[in-house]
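Heads up, the thing below is written out as structure tokens.
The values are calculated or read from the model by the stated rules, or taken from the named source; none is laboratory data. Remember, predicted model here, so these are calculated numbers, not experimental data. When we count neighbours, we look across all protein chains shown, and the Cβ atoms used for this are built from the backbone with ideal geometry, even at glycine.
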Amino acid sequence: MSEPISIVAALIRDQTGCVLLVRKRGTQAFMQPGGKRESGEDDVTALTRELDEELGCRVLHGSARALGVFDCVAANEPDRRVNAAVYAVDVEGSLAARAEIDEIVWIDPLSPPDIDLAPLTRDHVLPLATARDQCVDFG
């Protein structure tokens, strides 16, 4: 198996605690927005750029909180793994599917709908979002 694909991914929640997921064009799995770093980018810079490109939103300055680095099966690339640095971020601006994104959905992490979820989302991000429900202030 080849080297893991190194990415950054965002946990974005709305005021009710729902989690934003995206589905890339030509794929079935819903996942966190984000992507690969460009040369010289740190995690937050890459994530800020990716969210602008994919969704047209801006990361609020100083809002990025590291949640961990996770290794799992890649959703859209057979026989590949991803190594994902995941950050909770607050965003501003209107969200819309742009670039390679075909669809966006908001889901309740406590009761996800019956949709195809990327392994990173299913196994790592949604459990993190659920665990944080008791300590996150949405007011």
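Count of the range 65-76 residues, restricted to those that are in contact with a helix residue (DSSP H, G or I) (Cβ under 8 Å, 6 or more places away or on another chain), surrounded by fewer than 18 Cβ atoms within 10 Å (Cβ to Cβ) and assigned to a loop (DSSP other than H, G, I, E, B), is 0.
Here the condition is being closer than 14 Å to Arg13 by Cβ and more than 15 Å from the chain's Cα centre (by Cα); of Leu128, Leu60, it holds for Leu60 alone. Considering the range 77-96, the residues that are part of a loop (DSSP other than H, G, I, E, B) and more than 16 Å from Leu47 (Cα to Cα) include one that is modelled with the highest pLDDT, namely Ala96. Considering the conditions (1) outside any loop (DSSP other than H, G, I, E, B); (2) among the aliphatic types (A, V, I, L, M); (3) surrounded by fewer than 18 Cβ atoms within 10 Å (Cβ to Cβ); (4) in contact (Cβ under 8 Å) with a residue 40 or more places away in the chain, Ala99 is excluded by exactly one of them, (1). A single entry from Leu21, Leu51 fulfils the requirement of being assigned to a strand (DSSP E or B) and under 12 Å from the mean Cα position of the chain (by Cα): Leu21. Picking from residues in the range 122-139 that are part of a helix (DSSP H, G or I) and at pLDDT below 50, the one that is surrounded by the most Cβ atoms within 10 Å (Cβ to Cβ) is Asp133.
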